[in-house]
Each structure stands twice: as structure tokens, then as C-alpha cells.
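The values are calculated or read from the model by the stated rules, or taken from the named source; none is laboratory data. Computed from a predicted structure; not experimentally measured. Note that each Cβ is placed from the backbone with ideal geometry, even for glycine, and that neighbours are counted across all protein chains shown. To get the accessible areas, we keep the full protein, side chains included, count just its heavy atoms, and leave off ligands, DNA and RNA. Shrake-Rupley method; radii C 1.70, N 1.55, O 1.52, S 1.80 Å.
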Amino acid sequence: QVQLVESGGGLVQAGGSLRLSCAASGMGSSINTMGWYRQAPGKQRELVATIPSAGTINYADSVKGRFTISRSNAKNTVYLQMNSLKPDDTAVYYCNTNFWGTYYWGKGTLVTVSS
């Protein structure tokens, strides 16, 4: 069974940095597109960034130049380095992947950015 477990969230002041991790299991040796999404209070879940096994990395305009997504296929882990954080980045951050046509989500990790 596919499982995604996020970690690394917390409370940080505006301008600070955090690094999120998402450990994936249950996909064998498959290397799939992985993504980070976020959902702020009262808002819809939105794309933050995606990283394929090979090809172009995609970022939301709101995080370009501040966030960096990366992955370690050997560790089955995807990362999100978040710099220059803003209060508007406050949200629950979720990891996502598609495995054999089914989308899987982690339980999320809360990021709170204080002004």
C-alpha cells in the first residue's frame, strides 16, 4: 500500500526558511511524479510544485524563486526547501503522487509563518 509521510513543518518568522520532507513507501522501484500542494484555512488546496522522474519541474507562480523541490530516488523521498517565507505561505502542506492511476496523499504538515 502506498504511503506518504510528510515532516518538517513548524512555526517560523517571516523571511525564514523551512525544509519539508515526504517519505514514500509501497511503490516498489517505481519513480513517479511527486508533488507538493498546500491548503490555507478557508481556501482550496493548490499546487505548490511538482517534480517528475525526468523532465521539467513545475512551480506555482507564488513560490517561484523562493521554493525548491527536489528528490532522492534512492531514499524514496521528496523535499521542499522554502526560503523567504511569507505569512501567506501559512498552510497545511501535502505530498502527492499518482501510482497506477490512483492519486495518493499524505496527512500533511502544518507550516505557520508569523509576521
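Rolling a 1.4 Å probe over the heavy atoms of the protein chains gives segment 19-99 an accessible area of 50 Å² per residue.
Over segment 4-115, the pair-distance histogram of Cα-Cα distances with 5 Å bins from zero comes to 2, 13, 25, 26, 19, 10, 5, 1, 0 percent, rounded to whole numbers. Rolling a 1.4 angstrom probe over the chain with all protein chains present gives an accessible area of which 48% lies on carbon and sulfur atoms.
Rounded to the nearest 20 debye, the dipole size of segment 5-115 about its Cα centre is 100 debye, using +1 on the Cβ of Lys and Arg and -1 on the Cβ of Asp and Glu. Non-local lysine pairs in the chain, meaning eight or more places apart or on different chains, with alpha-carbon distances under 23 Å, amount to 6.
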